[in-house]
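Peer 1: What follows is a structure written as structure tokens; I'll ask about it next.
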Amino acid sequence: MSPPLIYEPWFERAEYEARLSRVQTELKIRGLDGFLAFQPETVTWLTGFFTRGYGSFQLAIIPAEGLPTLVCRDVEEFYLDATCVFPKRAMWRDSDEPIAVAAKAIQASLGNAATIGVEIAAWPITVARYEQLKELLAAYKFTDTSRLVSAMRLIKSAPEIALQKLAGKAAEAGMQAAIDSVGIGISEREIAAEVCSAMIRAGSDLPGPGVMSSGVRALHLHGGYSDRILKAGDIVQIETTPNVRHYHARFMRPIHLGEASDEDLKVVESLIAIQNLAMEEVGPGVPAAVPDTVYREGVLSKGLRETYTNKTFYSVGLLLQPSGGESLEAAPGCGWNFETGMTFHTYVLAKGFGMSETIAVTETGYERLTNFKRQLFTV
């Protein structure tokens, strides 16, 4: 399957219409006249509109009935016309006050007075912008509906998962490039360049590479590449994080420079076994606490860590920077259940070694969207 071009709708119009219908149905149930979508992922998911300039002020006005209106900067008109499946729009120029343009567009869509839901938690709607909008729309009643669409987005359609599978292929290409380029005397930066190139050539919209660290930093999460030169005995921790049409899949593998000790091999084998047991528990209706507990008890019982505080699953899908994951995680005390169509990055870490996969929940269990040999690689 070849994905659509990034400057055309990523899905069939019917999929966007179905998403809009779900949101409008929920608005009516809640007694709301409309919804203001500020989170870039929400705008793209609902309308198709995507531009790399999503950092400029934009929003989608969703009435309880009728078509959405897009508000964005005028220089994005080409991408608005190319990607958005709905025709109504209001554009602001650099000489305008964007919030004032948005307020007029909201009134044109919803009337002079209305009760509306707002994505207050979205990063583009700063406190200053929110207060200015409320002042301009003094006859409006505002309510926080930040979870309205983000909750819907947790269940992916088959076309969405297909894009994540393509991202998984790009992740595999990046990991192979890392293994092929790692060596004593090679810098992290050189390896990162090979990883990024491989993922872009394999279809990724962004280069990554994701987590990449060596030496002492391999013991700590979220390392980025540097000019450090690799030495014999180093552990290189790699996570490749590509995306296709900004739908993500990612995974981690450890690489050891030189012959690995029996202890290192035993640690990685234990992590793989623990992760396999945890993933085997995944399925529709299963409490997330079940595999989460398998991870924690497995790591602690084998003495691989003294404490285990980090999450074990987090939802991934359509993500636009700075977002690194969706709003669903497995950690002690979580009370949600897996559902068919959810997709997760699931990982386990101990003693400088990390092992992870991206998976989709199926009707009978789970499916790996990243498929790469699970082992400690030695160079």
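Every read-out reported here was derived from the displayed coordinates using simple, explicitly stated rules and does not represent laboratory data. Here the structure is a predicted model, which means the values were calculated and not measured. We place every Cβ from the backbone using ideal geometry, glycine too, and count neighbours over all the protein chains shown.
Peer 1: Select from 42, 179, 103 the residue farthest towards the positive end of the dipole of the chain; place +1 on Cβ of Lys and Arg, -1 on Cβ of Asp and Glu, and compute about the Cα centre.
Peer 2: 103
Peer 1: Okay, next question. With the Cα gyration tensor of the stretch 158-378 giving a ≥ b ≥ c as the square roots of its eigenvalues, does the rule (a/c under 1.5 for rounded; else a/b larger than b/c for prolate; else oblate) give rounded, prolate or oblate?
Peer 2: Oblate.
Peer 1: Once label points are set 7 Å from the Cα along Cα→Cβ at both residue 81 and residue 297, what is their separation, rounded to one decimal in nm?
Peer 2: It is 6.1 nm.
Peer 1: Still on this structure, please answer the following. Can you tell me the dipole magnitude for the stretch 1-159 around its Cα centre, using point charges on the Cβ only (Lys, Arg +1; Asp, Glu -1), in Debye to the nearest 20? Can you show the working numbers first?
Peer 2: Working: 17 positive and 19 negative charges, 81 e Å.
It works out to roughly 380 debye.
Peer 1: Still on this structure, please answer the following. What is the distance in Å between the Cα centres of the stretch 322-379 and the stretch 228-274?
Peer 2: Taking the Cα centre of the stretch 228-274 as reference, the centre of the stretch 322-379 is 15 Å away.
Peer 1: Going toward the positive end of the dipole of the stretch 158-378, with +1 on Lys and Arg Cβ and -1 on Asp and Glu Cβ, which of 376, 233, 343 do you reach last?
Peer 2: 233
Peer 1: Here's another thing I want to ask about it. Taking the Cα centre of the chain as origin and charging only Cβ (+1 Lys, Arg; -1 Asp, Glu), how large is the dipole, in debye to the nearest 20? Could you put the intermediate results ahead of the total?
Peer 2: On the way: 36 positive and 45 negative charges, 51 e Å.
Dipole about the Cα centre, nearest 20: 240 debye.
Peer 1: As I understand it, the dipole of the chain uses +1 on the Cβ of Lys and Arg and -1 on the Cβ of Asp and Glu, about the Cα centre. Which of 203, 151, 308 lies farthest toward its positive end?
Peer 2: Positive-most Cα among the choices belongs to 151.
Peer 1: Further, regarding this structure: Fewest Cβ neighbours within 10 Å first, please rank 35, 338 accordingly.
Peer 2: Ordered by Cβ neighbours within 10 Å, fewest first: 338, 35.
Peer 1: Something else about it: In debye, nearest 20: dipole of the stretch 158-378 around its Cα centre with unit charges on the Cβ of K, R (+) and D, E (-)? Walk me through the numbers before you get to the answer.
Peer 2: Numbers: 19 positive and 26 negative charges, 58 e Å.
Dipole of the stretch 158-378, to the nearest 20 debye: 280 debye.
Peer 1: Moving to a separate point now. Roughly what % antiparallel, to the nearest 5, for the DSSP beta bridges in the chain? Walk me through the intermediate numbers first.
Peer 2: Values: 37 of 51 bridges.
Within the chain, antiparallel bridges account for around 75 percent of the total.
Peer 1: Find the relative contact order for the chain and round it to a whole percent, using C-alpha pairs within less than 8 Å whose residues are 6+ positions apart.
Peer 2: Numbers: 792 pairs, mean separation 52.6, N = 379.
RCO, the chain: 14 percent.
Peer 1: Also, I was wondering about something else. How do the peptides 358-368, 323-333 rank, highest first, by the average count of neighbouring beta carbon atoms within 10 Å per residue?
Peer 2: On the way: 358-368: 17.9, 323-333: 16.3.
Most protected by this proxy first, the peptides run 358-368, 323-333.
Peer 1: Of all DSSP beta bridges in the stretch 13-152, what percent run antiparallel (nearest 5)?
Peer 2: On the way: 7 of 19 bridges.
The antiparallel proportion sits near 35 percent.
Peer 1: Further question: Using the count of nearby Cβ atoms within 10 Å as a rough guide to exposure, how do 45, 92, 336 rank from fewest to most? Present the calculation step by step, with values, prior to reporting the outcome.
Peer 2: Working: 45 26, 92 21, 336 13.
By the 10 Å Cβ count, ascending: 336, 92, 45.
Peer 1: Could you check what % of the DSSP bridge pairs in the stretch 158-378 are antiparallel, to the nearest 5? Let's see the in-between values first.
Peer 2: Details: 30 of 32 bridges.
Just about 95 percent of them are antiparallel.
Peer 1: Within a 10 angstrom radius of the beta carbon, how do 25, 240 rank from fewest other beta carbons to most? Mind showing how you got there, number by number?
Peer 2: Working: 25 11, 240 32.
In order of increasing Cβ crowding within 10 Å: 25, 240.
Peer 1: If you scale each eigenvalue of the Cα gyration tensor by 5 and take the root, what three semi-axes come out for the stretch 13-152, rounded to whole angstrom and sorted largest first? Provide the component values of the computation, followed by the final result.
Peer 2: Numbers: eigenvalues 77, 72, 36 Å².
Equivalent ellipsoid of the stretch 13-152: 20, 19, 13 Å, largest first.
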